[in-house]
Structure formats: structure tokens, C-alpha cells
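To start, the structure itself, in C-alpha cells.
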Amino acid sequence: MEALGSQPIGKRRVLLASGREEEWPVGVVWLTLEGQELPTVCLIGPNGGPALLGAVTLEEFALGVDPVAKRLVPVRSYLT
């Protein structure tokens, strides 16, 4: 977490694809994507695990996923 410039602010229970439940630290980190720099909440998994962008982070950055081209694309933000 220190390498990301953040300290844990709490813990969250997570359900893994295997069905196992674990408790992971959560923190706030600053990300830069597509020229935007914003804070986002981050679950801190074990070392060597995959880095994933979740739906909340993609929404915060107004980005969507193009699975065919395997890239991020700008989307409209909606207020409801």
C-alpha cells in the first residue's frame, strides 16, 4: 500500500470467484487514466495478484470497456 502512496483506511469482506471469503484492506489512491487524475477507493489484494479496474472507478473516470478492441472508451456520465 505504501508503494501506492496510501495507507489503509479500513477493511472490506470480499467474495472470491472460488467462493472463499476474505477480508482485504481498503484505501484511497490517486490514478491517472486517459489524462485525468482522480482519487478512487482501492481494495488491496495479496502481492502478485491481478490489478483490476472496477465499475466504480470506470464510472468515476467516465470510461467504458470495448471488449472487442480490448480498450477503454469515453462514455457519458449520467445524473439520475
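Below are the figures for this structure:
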read-out: Leading residue by the ranking (farthest from Y78 (Cα to Cα)) among those in segment 1-58 that are loosely packed, with under 15 Cβ neighbours inside 10 Å and polar (S, T, N, Q); value: N47
read-out: Close pairs from segment 44-71: first free of Cβ contacts under 8 Å to residues at least 60 places away in the same chain and of a type outside the set (V, I, T), partner assigned to a helix (DSSP H, G or I) and surrounded by 15 or more Cβ atoms within 10 Å (Cβ to Cβ), Cβ under 8 Å, at least 6 apart; value: G64/L58
read-out: Criterion: at pLDDT below 90 and acidic (D, E) - qualifying residue of E2, E37, E59, E22; value: E2
read-out: Residue in segment 32-44 that is under 30 Å from K11 (Cβ atoms), hydroxyl-bearing (S, T, Y) and in a strand (DSSP E or B) present; value: yes
read-out: Filtered residues of segment 52-62 (kept if part of a loop (DSSP other than H, G, I, E, B) and over 8 Å from the mean Cα position of the chain (by Cα)); value: F61, A62
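The values are calculated or read from the model by the stated rules, or taken from the named source; none is laboratory data. Since we're looking at a predicted model, the values are computed, not measured. Every residue, glycine among them, receives a Cβ derived from its backbone with ideal geometry; neighbour counts consider all protein chains shown.
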